[in-house]
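Notes for the one structure printed next.
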Amino acid sequence: MKKIISWNVASIRARMDTLLMLLEKEKPDIVFLQEIKVEEDKFPFFELKSVGYESVISGQKAWNGVAVLSKEPITLKSVALEGFEDQARFVEAVQSDGTHLISVYVPNGQAPANDPTDTSRLEYKLKWLAALKKYLQGIEKYIVGGDFNVIEQDKDVYNPALFENSVLMIPPVRQAFRELLSLPMENPMREYHQNEEFYTFWDFQGGAWPRNHGIFLDYIFLSSDYFKEKIVCADVLKEYRSCEKPSDHAPIVVQIK
């Protein structure tokens with residue numbers, strides 16, 4: 001059995017104690033991290049190695065940043081999608097059996113506050129999602145984990161009416177995400193929670209956590225040809241959202257045979 005976790009940590013320096021606790025308690029084999037918010041020289045490679053994890057990252061000072069942690073040996077393959085090297089939102093490692101491990105932090109796409117008519121960030125998001133789909137089409141065996149910044153279905157947010165004009169759920173964004181989902185890959189977070197309220201993110205503001213005003217933003221995808229019959233379960237580890245100094249995202253977990 002293998003355990004895979006993906007978590008937007010909203011700063012690895014702020015969340016390091018909780019991350020170490022998660023690694024000790026959950027004992028995942030693979031971890032995808034997003035919003036690590038550090039460059040390579042500030043990433044805790046040694047601390048993670050001391051508890052049994054190899055790491056590869058694509059880092060950026062104070063913003064973005066993604067990482068892959070693995071108990072098994074991994075080799076760094078890529079730190080960006082082609083044409084999107086300006087932001088640290090993609091990192092890819094390869095295991096010895098040829099499995100590609102990819103951590104992603106999809107752009108939000110929200111217009112700058114000082115110019116709400118500026119659509120450049122939205123266009124970047126749509127192009128980024130299209131580039132990710134194209135990239136995955138060229139890989140046979142992969143596991144992708146990340147924060148996708150998309151509300152695919154109305155039930156994925158506590159009050160869809162409040163978000164109907166948000167870049168998280170407007171039709172072009174949903175369509176771009178669904179085109180990604182059209183690839184032959186498994187979506188266990190959706191499969192195991194089709195008919196229930198299921199969130200992975202609760203804003204720090206407005207009492208979102210105690211009021212359960214959440215959003216489903218985080219996913220783990222696995223290539224169907226290799227993993228379709230191997231998935232055992234998928235869930236959200238909500239207890240880490242209520243711990244001391246939490247991220248606004250809870251870790252998500254998938255187990256495979």
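Looking at I143, G207, L180, which one has the Cα that reaches farthest to the positive end of the dipole of the chain (charges on Cβ: Lys, Arg +1; Asp, Glu -1)? Selected residue: I143.
Spin-label model, E72 to E179: label points 7 Å out along the Cα-to-beta-carbon direction sit 3.3 nm apart. Spatially, the stretch 1-66 and the stretch 190-248 are offset by 18 Å when compared through their Cα centroids. The base-10 log of I(q)/I(0) for the stretch 111-163, evaluated at q = 0.16 Å⁻¹, reads -0.73 [Debye formula, identical scatterers on Cα atoms, solvent excluded]. Given their separation in residues at 0.36 nm each and the Cα-Cα distance between them, C243 and K257 gain 2.1 nm when the chain is fully extended. For K27, what is the net charge nearby, where nearby means another residue's Cβ is under 14 Å from its Cβ and Lys, Arg count +1, Asp, Glu -1? Summing Lys/Arg as +1 and Asp/Glu as -1 gives 0. So for the chain, what percent of the C-alpha to C-alpha distances run longer than 25 Å? The calculated P(r) of the chain puts 39 percent of pairs beyond 25 Å. Each Lys or Arg adds one and each Asp or Glu subtracts one; over the other residues with Cβ under 15 Å from the Cβ of F43, this totals 0. Summing Cβ point charges (Lys, Arg +1; Asp, Glu -1) relative to the Cα centre of the chain gives a dipole of roughly 240 debye. Here the Kirkwood formula puts the hydrodynamic radius of the stretch 1-63 at 12.0 Å, using every distinct Cα pair. Net charge of the neighbourhood of Y135, taken over other residues with C-beta under 9 Å away and scored Lys/Arg +1, Asp/Glu -1, is 0.
Per-peptide packing, taken as the mean over residues of other Cβ atoms within 10 Å, places 104-110, 83-89, 244-250, 216-222 in the sequence 216-222, 104-110, 244-250, 83-89 from highest down.
Which parts of the stretch 135-166 would a label at D203 reach, counting a residue when its backbone N lies under 13 Å from a point 7 Å out along Cα-to-Cβ? Output list for this probe position: 158-166. Residue ranges 234-242, 149-157 sort as 149-157, 234-242 when ordered by packing (mean number of other C-beta atoms within 10 Å per residue, highest first). In order along the stretch 202-217, phi translates into HN-Hα couplings of 9, 4, 5, 9, x, x, 4, 5, x, 8, 6, 8, x, 9, 8, 10 Hz, rounded to whole numbers, per the Karplus curve 6.51 cos²θ - 1.76 cosθ + 1.60 with θ = phi - 60° and x for Gly and Pro.
The simple Förster model, with R0 at 22 Å and r as the Cβ-Cβ distance, assigns N195 and K2 a FRET efficiency of 0.25. Report note on the peptides 132-143, 50-61: ranked by the mean count of other C-beta atoms within 10 Å, highest first, their order is 50-61, 132-143.
Readers should treat all values here as calculations from the given coordinates under stated rules, not as data from a laboratory. Everything numeric here is computed off the predicted structure, so don't read it as measured data. Heads up, the Cβs are rebuilt from the backbone with ideal geometry, glycines too, and the neighbour counts pull from every protein chain shown.
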